[in-house]
Structure formats: structure tokens, C-alpha cells
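Undergrad: Before I ask anything, let me first share the structure, which is written out below as C-alpha cells.
The values are calculated or read from the model by the stated rules, or taken from the named source; none is laboratory data. The model shown is predicted, which means the values in this text are computed figures rather than measured ones. Cβ: placed from backbone, ideal geometry, glycine included. Neighbour counts: every protein chain shown. The area values use the complete protein model at the heavy-atom level, side chains included, leaving out ligands, DNA and RNA. Shrake-Rupley method; radii C 1.70, N 1.55, O 1.52, S 1.80 Å.
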Amino acid sequence: MRLTSNYKPSMYQYNEQDQTLVEERAAQYRRQTEDFLKGELSEDQFRALRLRNGLYIQTHAPMLRIAVPYGLLSSRQLRKLAHIAREYDKGYCHFTTRQNVQFNWPELERVPDILDELASVQMHSIQTSGNCMRNTTSDHLAGVAADEIEDPRPYCEIIRQWTTLHPEFDYLPRKFKIAVSGARHDRAATQLHDIGVHLVKNEAGETGFRILVGGGLGRTPIIGQVIRPFLEKKHLLSYLEAILRIYNLFGRRDNKYKARIKILVKETGLEKFTEMVEAEWRQIKNGMELSDERIAAIKAHFAPPAYDQDAAHDQSLSAHLAADPAFATWYKYNTAEHRVPGYRAAFISLKAPDSPPGDMTDMQLDAVADLADRYTFGEIRSTHRQNLILADAKQADLFPLWQALCTLKLATPNIGTVTDIICCPGLDFCSLANAGSIGVAKEINEALDDMDYVHDIGDVKINMSGCMNGCAHQSVGHIGILGVDKKGAEWYQITLGGSSENEAAIGERLGPAVARDEVTQAITTILEVYVNQRQQEESFLDMVKRVGITPFKERVYADH
Amino acid sequence: MQIIKDKAIIDDTFTPLADDAPLASGDISVSLARWKNDRETLLAHADKVGVRLQAGDSVSDLADDLKRIDLIELNFAEFADGRLFSQAWLLRGRYHYQGEIRAAGHYLTDQTFYLSRVGVNAFQPAKPDHLNTILANLSDFSVKYQPSIQ
Ligand code: HEM
Ligand code: SF4
């Protein structure tokens, strides 16, 4: 076994300035909480301040959202989350679609203590809600993906620092989200963010950024558009600043449903909007360049870990695969290719049939931290489909890792399948919900308890939100389920054909909403239509593209 | 009334004039609308002149006159309206305005650190006991990730 203290994960390590900043922020928030409790801040004023520290007040208790910058966690940080779950919550936490972590039961009075705990392990909850620049998200396979043009994480970190406590852009018209992808296959949903940053190569072979703007989900889902096909790396921050300044000055503030940048881009027109941004940018770009030294210094934090050069010589993996079909199934679905021979990225499924999607107990968190130390370089990642990944697992370690995950109920072999459902908290925890979602996810799981059938169906992404706000990205689910309220009853609007990847698309409505007791049946019917009518290797999404929604619609509404 | 300017508590010398009030002697401040209407008269005013901006006003309207304006007051109708943060930045960063930029109205004392970093150097408190709070809040952080503009 490796010694846990001898290596550090290849992730950004705070320097003194970073550490001071999170400590001073925690102290500031402690003071703000005291001011509020003394009555010196109104509800409304405190609301803005607490949201900027991740604290919502919802159905049962406050909810605290903690930032996991572009999905990277060290084993030490995971243990801290376990500790917080135990000491301040009911023994579990929830991983979100933006790679963050939520606690559902913290006490308002104790949140300052939680922030101190977080600061002690280089974590915080800064700008995880409120109308400001949010946590930057990225590809969960960053740095290990075979199809990567360049590792996006250094740029994510540069953006993280720039967005953190930005003095000019903390009171935007609406929330603002940036995602960065460095691979050919977009696993970061960059087309559905306020700004999408995509590492690309130009004709001269230089690497730079393609910048997209105006994407977003929620009530009016819109796919982002290219505002600049190629931006030199050194200009990253000046370009972001130009976009943010135009948005801050001209974004609508009269109607919160029209306040996202996607509406500004739509109402202004892409061409005009681009002109405004470029004109602003030309005036600020000189003097704001990122130096090569700075980029190199940040990159150094993400230097590849000390991979075992002999990892691929292992013979045990193929033996175990041949001998143990359950392991082979897990290997097939829950591991992904790694650019270093002899390594795989191993998913930890947070989609066990009987637990709410994305939830983890303190015991599981601690155990996964131990596994990360034992079998990888002590690093854990969260994915935007609410699972975790150990990105650097040696092939020889996969079998014992799988065995350990099985005992933790974290080895359901369903990554990328129809039971790998993205689901928001819905009526169970959210005051805005029209309908339950966790219960429906559970029912769908029960109806699809035959793993062979699930594997035969293959890549189908179900995303389910309890209301229009679309926290679970239902509009880009291959199958989207949206809770709607009909005279106080829970109904569900189904969409087909959405996607958040390269071929990003907003799903099309299947027909009228279906009742609570019909929704699972509707989903299984849709899957049956697919299985019966697909051509050879055709995926669900491809079939929807080929035949449209009619064959599905006819069957689902046949009995009505 | 006392205000904070350059991290010190001082007496405010400016009298705000309503749009229909007669011109008074001494230091005065007027709305952007009045500035536009009475520009010539105001330029000839013997004492200091300030202009009060709302979030929706455009600082570029003042671009040509900034050298003659001693004070620009950013008047917050709502603390959450962040446009004034960009207006302050534009005044300093784009138009190189050298005079006083003062926050007034319904901003939060908790926003003064950010405001001071986008060029605001004076604060009119909502109530007198905010003076010391603001002075304290101005040093909430000893570190930062972005350049500030003075
Ligand atoms: C339980 C309490 C929660 C509340 C009160 C809440 C509230 C909201 C609201 C009001 C919006 C809409 C904002 C808009 O349209 O601009 C929203 C969006 C969103 N929420 Fe939540 N949410 C909650 C939980 C979650 C969870 C658990 C997740 C992750 C699984 C999540 C992820 C998101 C995402 C990704 C969006 C943005 C969609 C977009 O790009 O517009 N939320 N949330
Ligand atoms: S989608 Fe609606 S119901 Fe679900 S968490 Fe978001 S706000 Fe709540």
C-alpha cells in the first residue's frame, strides 16, 4: 500500500494569499450573520449576502452549497465534507449538476463555523449562489482524457481566481456561469453556459480559446453561440471582462426571468452584441495580458502525477475480467479510457437504485477518501451527472477497488445508462418544486431492475427537475422530465431528444403532461418503442433524430 | 452632514439641488438631467459642482465635461443594482476622472470594499453610525485577485 502522506494530488494548492482570502471571507460572513441576528441587516440585505456564501433558505432548513472548483477534491477535503455531514447535518450530502456539494440541514447560526472548517482545507462556498459569477465547471476527465487538446484545469483556476470576489461584477442582473472544456468531446456542457470556453487549435496550430456566449438552461433554455472563434490565451481575462462589463451595464434588471445574458444576446442580436463586446475589449486588452510565466506557474500545479510506467504490464486485470462477469460489467460501464497506458478513470456511481441520486453518507465519503489514497493519487472528482470519479486508477487496482465499492453500494454498473438519472431535490427539499422527483427516480429504477435490459438500452440520459427552474437540466436530457403543477397535483412534462454534448439540443415536448401515477409507465413505454424500432447499433438519441417524436407519442398516449 | 472621503471622516460641503430649485451659492450637486439642461450656467458656477447619477444613466454623457466636475455621486436606488459598479470603473478606467466619486443612497456598508476597488473614494452613510462601520468594512480583505482602480 502507498503511504498516504507522501504524494499530493495534482490540483491547485493554495498559497498564503488564497488562504488569507478564504479566512477573511469566513470572518466577514460570521460578522454578517451576527449583524443579521442582531437585527442590523434586514432579511433582504442579508439574503444577498448569505446567497453569495451559498446559503439558501428552503422548505425544511437552510441549504448550504459548497464550491468544488471544476470538480476537484482531495481526499483530505472529502474527509472534511464527511465531518461536516456528521457534525452539522444529518450524516449525508448531495453532489449537484454543477460539480458542487450541498448540505440540506445546516443551522443558520452554525454556518460560519462550517465556513471556518472549509477554510482549513482550502475550501469555501463563495459565490455558489446569488446573482454573481459562479463556480467554474469543467470536464470531469480533464487531464486524463484521450481526446484532450489541452488540460483545461489551469485556465479554470485562472478564471476561478479572477471571478472570486470580483469587485465590479458581484451584483449582476442574474447568476453567471462559465464552463471550460479542453477536449474534442464536450463533457462540460459549454454550449449551455453563460460563457463557454473551449480550447481549440487554429490553422497555424496554436492553441487558444473558442468563446461561446448566451447559453443557459432554466425557464428559457438556449444554446450558446460563438462570439469569438479564436482567442489568444493571453487575452482570456480581458475578453471575459469585456463580456461581463457589457452584461452588467446592459443586461435586463426589470424582470428576473429575462435577466440572464442569453436574453440580452437574443434581444440585442449576436452581431450587435459581438460588436459591443469587441469594442469594449479593444479598449482594455493591452495591459491585461496573462503572462507566459503566470500560465506556467498555474500549470505546474496540475503536472501529471507520478504514473507507474509499468502499469500496463499487469496481467491480473484480464484474468479478473474473464473470471468475474459482474466485475467485467462494472469495468465496461463504470470505467473510462485514460491517456496513460495501464490506467483507467473509475466512476463511483451515486445512483444506487434505493438512494437519492447524488447523495452520499459521511461513511461513504470517508471510505472513498481512503480508496482515493490507497488506489490513486488522493484525488476525487465530481461529475456534472452527479457521480464521482477516481481519475487515475491503475488497471491492477481496479478489481480490489471494485470489491471495495461494492460493499459501499457505490458500484452500480449504470454510468451513462438510463438509471444514471440526474435529479433535483424536488418536493422533498425544495420550496419551489411543483412535483416530486426523487420518488419518481426511485420508481423508474424499480421498473428497470433488470440490469441486462438497462445495458441493452445503452446510452440514454434521463434528467428530471421538479419545476421550471430546471436544476437537473431536464431540457437537455435525452429524456427530460419536468414537474408541473396542475390544480395542486403533481404532473410531469416529458421531452425527448435533448443533449448537452457536442450535438447540443433542447428536447422536444412529447405531448400533454402525464399524471404522477403514469410517469414511470410513460418512460418504460418510450424505452420499449426504442428497443423495438431501433436499427442495429442506433442509439436512443440517433433514433429520436431519425424518426422524430411521433412513434413515441403514439404509444405513450395510446390509451388516452 | 459627515461623510467618508479617502478613508477619513469629513464634513460634506455639497448641497444637493432639486431639478426645480433655484441655483444657490456654495458647493452644489445636480441631477444629470439638470446638468444637461443648465450646463452653461453650471460651468460658470463659482464654487464646486457635482453631478448625481442613477444606475441607468450613462457616464459617457459627461465625458467632455469631467474635468470641470468636482464630484460624481452614484446614487443607489437598490443595493443590488450593480450597474453603478461598472459606471465607477468607467469613470476612472476609461475617462480617467480625477475628482471625487461618492456612493450614496441604498448601498450596503458590506459593499464598500468592492466600491472602493472600482474607484469610489467617498461614501455618504445612510445613517451617522454607519461611518465607523464603513471605515471598518473598507478593510474587510487584505488580499485580492484582481487589480483595483483608484
Ligand atoms: C434544494 C434547493 C434548490 C433551490 C431552492 C434551487 C433553486 C434554483 C432556482 C430558482 C434556479 C433558477 C435560476 C434561473 O432560472 O436563473 C435554479 C437553477 C439551477 N439549479 Fe437549483 N435549486 C436547488 C437545488 C439544486 C440542486 C440540488 C442542483 C443540482 C442537482 C441544482 C442545480 C441547478 C442548476 C444547474 C441550475 C441552473 C440551470 C441554468 O443553467 O439555468 N439546484 N435553482
Ligand atoms: S428544479 Fe425546481 S424543484 Fe428542482 S431543485 Fe430546482 S428549483 Fe427546486
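Undergrad: Find the Rg to Rh ratio for region A:202-257, where Rh is the Kirkwood radius over alpha-carbon pairs and Rg uses the same atoms.
TA: Rounded to two decimals, Rg over Rh is 1.07.
Undergrad: Cross-chain or 8 or more residues apart, Cα under 29 Å: how many lysine pairs in chain B fit that? Count them up, please.
TA: 14
Undergrad: Express as a percent, rounded to the nearest 5, the fraction of DSSP beta bridges in region A:400-542 (both residues included) that run antiparallel.
TA: 70
Undergrad: What is the extension gain from A:Ala328 to A:Asp113, computed as 0.36 nm multiplied by their sequence separation minus the C-alpha to C-alpha distance, in nm to one decimal?
TA: In short, 72.9 nm is gained.
Undergrad: For region B:1-52, give me the percentage of DSSP beta bridges that are antiparallel, rounded to the nearest 5 percent.
TA: Taking every DSSP beta bridge with both residues in region B:1-52, the antiparallel ones total about 40 percent.
Undergrad: So if we plug the beta-carbon distance of A:Lys234 and A:Arg31 into 1/(1 + (r/R0)^6) with R0 = 35 Å, what FRET efficiency do we get, rounded to 0.05?
TA: 0.35
Undergrad: Let me ask something else. As an exercise, find the ratio Rg/Rh for region B:2-137 from alpha-carbon atoms, using the Kirkwood inverse-distance average for Rh.
TA: 0.94
Undergrad: Further question: Checking the table A:Lys461/A:Lys545; A:Lys38/A:Lys177; A:Lys233/A:Lys256 against a 23 Å threshold on Cα-Cα, which pairs fail?
TA: A:Lys38/A:Lys177; A:Lys233/A:Lys256
Undergrad: Follow-up question, since we're still on this one. Under a plain spin-label model, where a point goes 7 Å from the Cα along Cα-to-Cβ, how far apart in nm are B:Asp20 and A:Asp485?
TA: Label at B:Asp20, label at A:Asp485, 4.5 nm between them.
Undergrad: Considering only DSSP beta bridges with both partners in region A:144-299, what is the antiparallel share in %, to the nearest 5?
TA: Beta bridges within region A:144-299, antiparallel portion: roughly 75 percent.
Undergrad: Can you give the accessible area of A:Glu107, probe radius 1.4 Å, in Å² rounded to 10?
TA: Accessible area, nearest 10 Å²: 100 Å².
Undergrad: With each label point set 7 Å from Cα along the Cα-Cβ vector, what nm distance links B:His96 and A:Glu43?
TA: Each label point is offset 7 Å from its Cα along the Cβ direction, giving 5.0 nm.
Undergrad: Enter the Cα centre distance for the pair region A:277-351 and region B:34-70, rounded to the nearest angstrom.
TA: 57
Undergrad: Rounded to the nearest 100 Å², what's the accessible area chains A and B bury against each other, both chains counted, probe 1.4 Å?
TA: Counting protein atoms only, the buried area is about 2800 Å².
Undergrad: Please give the solvent-accessible surface of B:Arg117 in Å², to the nearest 10, using a probe radius of 1.4 Å with every protein chain present.
TA: About 10 Å², ignoring ligands and nucleic acids.
Undergrad: Could you run the Karplus curve 6.51 cos²θ - 1.76 cosθ + 1.60 with θ = phi - 60° over region A:174-182 and give me ³J(HN,Hα) per residue in whole Hz, x for Gly and Pro?
TA: Each residue of region A:174-182 in turn: 7, 4, 9, 10, 10, 10, 10, 10, x Hz.
Undergrad: Right, here's the next one. Taking the alpha-carbon distance from A:Lys442 and a cut-off under 12 Å, which aspartates and glutamates remain once sequence neighbours fewer than 8 residues away in the same chain are dropped?
TA: Correct list for A:Lys442: A:Asp354, A:Asp420.
Undergrad: Return the FRET efficiency for the residue pair B:Ile9, A:Leu270: r is the Cβ-Cβ distance, R0 is 56 Å, and the value is rounded to the nearest 0.05.
TA: 0.70
Undergrad: Oh, and also: What ratio of Cα Rg to 2.2 N^0.38 Å holds for the protein assembly as shown?
TA: After normalising by residue count via 2.2 N^0.38 Å, the value is 1.02.
Undergrad: Next up: Starting at the first residue of region A:264-277, write each ³J(HN,Hα) from the Karplus equation 6.51 cos²θ - 1.76 cosθ + 1.60 with θ = phi - 60°, in whole Hz, x for Gly and Pro.
TA: Using θ = phi - 60°, the values come out as 4, 5, 5, 6, 7, x, 4, 5, 5, 4, 4, 4, 4, 5 Hz.
Undergrad: Need one value: the accessible area of A:Tyr557 in square angstrom, 1.4 angstrom probe, rounded to the nearest 10.
TA: Surface open to solvent at A:Tyr557 totals about 40 Å².
Undergrad: Which of the cysteines found in chain A have nothing to pair with, since no other Cys Cβ lies under 4.7 Å from theirs?
TA: So far as the 4.7 Å Cβ criterion goes, A:Cys93, A:Cys132, A:Cys156, A:Cys406, A:Cys423, A:Cys430, A:Cys467 stand without a partner in chain A.
Undergrad: OK, next. Enumerate the residues in region A:493-532 having an amide nitrogen under 19 Å from the point lying 7 Å beyond the Cα of A:Asp542 toward its Cβ.
TA: Of the residues in region A:493-532, A:497-505, A:527-532 have backbone N under 19 Å from the label point off A:Asp542.
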